[in-house]
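Here the structure is laid out as structure tokens; the discussion comes afterwards.
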Amino acid sequence: MKRYRLLFQVLVVTLLVVAAGWWYRHQNTASRPAPEAAVRADVVPASRFVNVRASEDFYAEQILRHPEVVKNYVELAQLRMQQARETGDEARYVPQARDLLEEALRRDPDDYHALVLKASLLATLHQFEQARALAEQLIARQPYHAFNYGTLVDALVELGRYEEAVRVCDELLALRPELSAYARASYLRQLHGDTDGAIEAMRMAADAGVAGHEDRAWALFQLGTLYLGQNRPDTAAFLFNGILDERPGYPKALAGLAHVRLVQGAYDEAVALLEEAYALAPIPGFLEALADAYAATGDTKKHAATLEQIQQAFRDARAMGENVDMEYADFLAEHDLRLDEALKLARRAYERRPGHLHALETYAWALFKNDRAAEAVPFVEQAMRLNTGDAMVHFRAGMIYRSAGQPEAARAQFEQALRAHLHVESRAAAAQARALLNADGS
């Protein structure tokens, strides 16, 4: 349950970058008129590939018949990215998209659309530095193509450059105020502790979508997650069920309902929903939630097996070129697995993006788990600098302060975590926080 927060963060990268492919294909330039001298993007007007199989066959055939036409490689790469998003099978489809883009750029290193998609793919692979550099180059080349601003926002957020991300997001909203732009604004508001503003922006994102389409379903899922974080499970369940009415079998809605059931203590139902969701889309975040659900039901065998599956998923992600140092370190530290490796990975993630809130939190947590709580204090304090209201970071701060011999600071953090509905993220952590407060006489 505690890793639903991480699932949201990962989805912001993978889905707001990859799922925005429909946007890349749909628009020519920004909403505002560009000067006549501006170079306009010659994009295909379709919003998405509706018949995936037919499109796959068509572009594969076109590549065989006309291997010199770069556009065909780019279109098929875009299709592969859509398949990665819709199936959750990134390990299969993302490498194919990367290979197609490499071939396109081998044939024409300056092809604009191939470069646009490459920047998006780099962000999907958590190669944020390269994604940022390429997005900035593309913006300089075509300042009215809003899609590149979205890629840049994502890269800046994941590098911990939040104020720059806010500025670029404002430019994005001015250029093209649509679903992906509102969703990015929502996440930035959440990062700055403005939950009401985050809910408002995500509602606007959902309203900008089309009923039954994946992008609207995704926005509604994020909206439900925000409401659940405010301890409003009935509202969240209403939204998740509404998604399933519009888009039956949508895996993230099933996972959202599972989260509601976990909060309500209906563990067996949560397990069934998560197993169904993972069968439909092998998203690692579903596995982490499943591990928690199995632990809650007392199924130690399935819990242990799922932890092994998660580690294999991290290995698969690395094999396809995704940088998962931070995520893997957090997982290992949280589950007390190979804590020396967790610390090494966490340190590397922090050094790579020292301003990123979760990278700071993960490094602090790994230090704590390696009995170095005093060293962890300044890092967890930096992780709380934006006052996001994240219950889990306050709980971890409480554990760190307590171990570092600062009981008053620990008590304040535990109380803050419980006020922020820590039980929504982790009933176990909430119970531990209450027990420690009682033990310390609070």
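The values are calculated or read from the model by the stated rules, or taken from the named source; none is laboratory data. Computed from a prediction, not measured in an experiment: that's the story for all the values here. Cβ coordinates were reconstructed from backbone atoms using ideal geometry, including for glycine residues, and neighbour counts include every protein chain displayed. Note: accessible area is taken over every heavy atom of the protein model, side chains too, but ligands, DNA and RNA are not part of it. Shrake-Rupley method; radii C 1.70, N 1.55, O 1.52, S 1.80 Å.
Remarks
- Residue list for the stretch 248-265, filter: open to solvent by less than 20 Å² (accessible area, probe 1.4 Å) and either within 18 Å of Arg427 (Cβ to Cβ) or in a helix (DSSP H, G or I) (or both): Pro251, Lys252, Ala253, Leu254, Ala255, Gly256, Leu257, Ala258, His259, Val260, Leu262, Val263
- Of the residues making up the stretch 379-394, those that are assigned to a helix (DSSP H, G or I) and open to solvent by 70 Å² or more (accessible area, probe 1.4 Å) are Glu381, Gln382.
- Any hit, the stretch 29-41, residues being at pLDDT 95 or above, closer than 23 Å to Glu136 by Cβ and not in a helix (DSSP H, G or I): no
- On inspection, Tyr294 does not qualify as in a helix (DSSP H, G or I), touching a residue at least 12 places away in the same chain (Cβ under 8 Å) and farther than 25 Å from Ala428 by Cα.
- Flag if Glu322 is in contact with a Leu (Cβ under 7 Å, 6 or more places away or on another chain), open to solvent by less than 70 Å² (accessible area, probe 1.4 Å), acidic (Asp, Glu) and farther than 25 Å from Glu375 by Cβ: yes
- Tabulated pairs, the stretch 140-160, first farther than 15 Å from Leu115 by Cα, second basic (Lys, Arg) and at pLDDT below 95, C-beta under 9 angstrom, 6+ apart or interchain: Tyr144/Arg32; Tyr144/Arg40
- Residues that are touching a residue at least 60 places away in the same chain (Cβ under 8 Å) and more than 23 Å from Leu191 (Cβ to Cβ) within the stretch 385-427 comprise just one, Arg427.
- You will find that of Arg184, Arg176, the residue that is surrounded by 20 or more Cβ atoms within 10 Å (Cβ to Cβ), in contact with a Ser or Thr (Cβ under 8 Å, 6 or more places away or on another chain) and either of a type in the set (Lys, Arg) or at positive phi (or both) is Arg176 and no other.
- Near pairs, Cβ below 8 angstrom, 6+ apart or cross-chain, from the stretch 336-362 (touching a residue at least 40 places away in the same chain (Cβ under 8 Å) and open to solvent by less than 40 Å² (accessible area, probe 1.4 Å)) to any residue that is polar (S, T, N, Q) and not in a helix (DSSP H, G or I): Leu357/Thr388
- Checklist (1) assigned to a helix (DSSP H, G or I); (2) of a type in the set (Asp, Glu); (3) at pLDDT 95 or above; (4) surrounded by fewer than 23 Cβ atoms within 10 Å (Cβ to Cβ) applied to Asp154, failing item: (4)
- Those residues of the stretch 400-432 which are surrounded by 18 or more Cβ atoms within 10 Å (Cβ to Cβ), farther than 24 Å from Glu375 by Cβ and not small (Gly, Ala, Ser), in sequence order: Leu418, Leu422, His423, Val424, Glu425, Arg427
- Residue in the stretch 301-314 that is open to solvent by less than 40 Å² (accessible area, probe 1.4 Å) and over 27 Å from Leu159 (Cβ atoms) present: yes
- For the stretch 286-295, filtering for residues that are within 19 Å of Thr225 (Cβ to Cβ) and open to solvent by 20 Å² or more (accessible area, probe 1.4 Å) leaves 1.
- If the condition is being open to solvent by less than 40 Å² (accessible area, probe 1.4 Å) and touching a residue at least 60 places away in the same chain (Cβ under 8 Å), then the stretch 266-285 contributes Ala281, Ile283, Gly285.
- Selected residue (criterion: surrounded by the most Cβ atoms within 10 Å (Cβ to Cβ)) from residues of the stretch 187-204 that are assigned to a helix (DSSP H, G or I) and without any contact (Cβ under 8 Å) to a residue 24 or more places away in the chain: Ala201
- Per this entry, Tyr227 is not counted among residues that are in contact with a Lys or Arg (Cβ under 8 Å, 6 or more places away or on another chain), free of Cβ contacts under 8 Å to residues at least 60 places away in the same chain and surrounded by 16 or more Cβ atoms within 10 Å (Cβ to Cβ).
- Here the condition is being open to solvent by less than 10 Å² (accessible area, probe 1.4 Å) and either polar (S, T, N, Q) or in a helix (DSSP H, G or I) (or both); of Ala435, Ala397, it holds for Ala397 alone.
- Per the listing Asp336, Asp340, Asp316, Asp371, the residue uniquely in contact with a helix residue (DSSP H, G or I) (Cβ under 9 Å, 6 or more places away or on another chain), part of a helix (DSSP H, G or I) and charged (D, E, K, R) is Asp316.
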